[in-house]
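The structure appears right after this line, and notes come after that.
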Amino acid sequence: MVNVRNRSESIRLFIVQSVDKNPTAIAKITSDKFNISRQAVNKHLQHLVREGALVKEGNTRRRSYRLPSLVRFTKSFDISASLMEDVVWRDVVSPALGELPQNALRLWAHGFTEMFNNAIDHSEGSQIHIVFEKTAATTEIAIHDDGVGIFRKIQKALSLMDERHALLELSKGKLTTDPERHTGEGIFFTSRMFDDFDILSGGVFYTHTLDSRNDWILERDEARAGTSVFMKLSNHTSRTVNKVFDKFTSAESLGFDKTIVPVKLAKYGEENLISRSQAKRLLVRFDRFKIVVLNFEGVEMIGQAFADEIFRVFSSHHPDIELQEINTNLAVQRMIARAREAKSETSQPRE
């Protein structure tokens, strides 16, 4: 009887932890996971619904399940000199989080205060709105401001080509429009602390998902004013603030000296990465890091000039910067190898 009870608890725990990402397919994946019939899974689902741990929606053909909200609210704040992110965290957000492991609380403390402060200091808006929702499995917080828009502001401050170029620079880290008061590390590290992290501003949507090898963007037809930041985290994550920082720092300097750059963001539309000007756009501010990891996911090919500018010209002029590449297909690997071979040949002493 004890083993039966333990197995039932394991099945129901799996359902609760998995339903958020599989609202319509939860019965099938549970059946496959535990090698039990769909009828048996339905009994567990019905039990969780009766207990109030799940909410059932739709009819038999389009049935889905979701976790009920334990806490949900929306609050607004006028941006002024007296508005402080640590006070909002202490008085509003932290109490709503309730009982959570210390590592999760610290992740939220870091991420929320960083993003709320960004809205105060950079948005040039009049109001900030936060939307908070907590379930048994996850917590989500959205922060909206009515300001000028983060990508537009970066584009203007750095005289960049457009908002997409601002997104490329933001993904590298160490980018700020106010260097006297900010290091430019806030969004970079915060985006890597959460299971889901998204920014919507103007007509551009940026997302960084945990363990995804790709930061990517969508251009939207409807441009919206201000900036919206969305953060989502499992209530039982094993991640810690220190682990995230350690991934991008070295023991020697303890500084932020490593970055991962999604090469795909250097593209515009369906164009291929073939020119030196595209490479130079990608290379901007690489000299602020000791290690640059170039993520080629989503890049089918690169041109000889593009590869040469990065892996021969730039590498020759910056021998102390280590360039690494990941997620390369065979065509990209060959072009990089040609550039490195050319660099090797030109660096050899003449007899």
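The values are calculated or read from the model by the stated rules, or taken from the named source; none is laboratory data. For clarity, every value in this text was computed on a predicted model and none was experimentally measured. Heads up, the Cβs are rebuilt from the backbone with ideal geometry, glycines too, and the neighbour counts pull from every protein chain shown. To get the accessible areas, we keep the full protein, side chains included, count just its heavy atoms, and leave off ligands, DNA and RNA. Shrake-Rupley method; radii C 1.70, N 1.55, O 1.52, S 1.80 Å.
Per-structure values
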quantity	calculated
Spans of helices (runs of 4 or more DSSP H) in the range 234-325 with at least 2 residues surrounded by 14 or more Cβ atoms within 10 Å (Cβ to Cβ) and touching an Asp or Glu at 6+ places or on another chain (Cβ under 6 Å)	276-283
Residue within the range 86-96 that is touching a Phe, Trp or Tyr at 6+ places or on another chain (Cβ under 8 Å) and within 14 Å of Ile120 (Cα to Cα) present	yes
Condition met for Ser31 (part of a helix (DSSP H, G or I), surrounded by 13 or more Cβ atoms within 10 Å (Cβ to Cβ) and within 32 Å of the chain's Cα centre (by Cα))	yes
Cβ pairs under 6 Å, 6+ apart, first in the range 330-345 and under 12 Å from Leu294 (Cβ atoms), second open to solvent by less than 50 Å² (accessible area, probe 1.4 Å) and in a helix (DSSP H, G or I)	Ile336/Ala307; Ile336/Phe311
Considering residues of the range 34-51 that are free of Cβ contacts under 8 Å to residues at least 24 places away in the same chain and not in a helix (DSSP H, G or I) only, the residue least open to solvent (accessible area, probe 1.4 Å)	Ser37
Selection count where residues are open to solvent by 50 Å² or more (accessible area, probe 1.4 Å) and among the hydroxyl-bearing types (Ser, Thr, Tyr), scope the range 5-28	2
Any hit, the range 111-126, residues being open to solvent by 60 Å² or more (accessible area, probe 1.4 Å), outside any helix (DSSP H, G or I), out of contact with any Asp or Glu (no Cβ under 6 Å at 6 or more places or on another chain) and closer than 28 Å to Lys21 by Cβ	no
Count of residues meeting criterion [of a type in the set (A, V, I, L, M, F, W, C), touching a helix residue (DSSP H, G or I) at 6+ places or on another chain (Cβ under 7 Å) and either closer than 20 Å to Gly125 by Cα or open to solvent by 20 Å² or more (accessible area, probe 1.4 Å) (or both)] in the range 159-174	2
Where a residue in the range 58-84 is over 30 Å from Phe14 (Cα atoms) and its partner, wherever it lies, is open to solvent by 100 Å² or more (accessible area, probe 1.4 Å) and not small (Gly, Ala, Ser), with Cβ under 9 Å and at least six apart	Ile79/Glu124
Selection from the range 132-158 of residues that are part of a strand (DSSP E or B), closer than 19 Å to Ser191 by Cβ and either among the acidic types (Asp, Glu) or open to solvent by 40 Å² or more (accessible area, probe 1.4 Å) (or both)	Glu140, His144, Asp145
Selection within the range 66-101 - part of a helix (DSSP H, G or I), more than 27 Å from Asp20 (Cα to Cα) and among the β-branched types (Val, Ile, Thr)	Val87, Val88
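Condition check ((1) out of contact with any Cys (no Cβ under 7 Å at 6 or more places or on another chain); (2) in contact (Cβ under 8 Å) with a residue 12 or more places away in the chain; (3) not hydrophobic (A, V, I, L, M, F, W, C)) across all residues:
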site	(1), (2), (3)
Lys290	yes, yes, yes
Asn295	yes, yes, yes
Val299	yes, yes, no
Ile302	yes, yes, no
Asp308	yes, yes, yes
Arg312	yes, yes, yes
Pro319	yes, no, yes
Leu323	yes, yes, no
Ile326	yes, yes, no
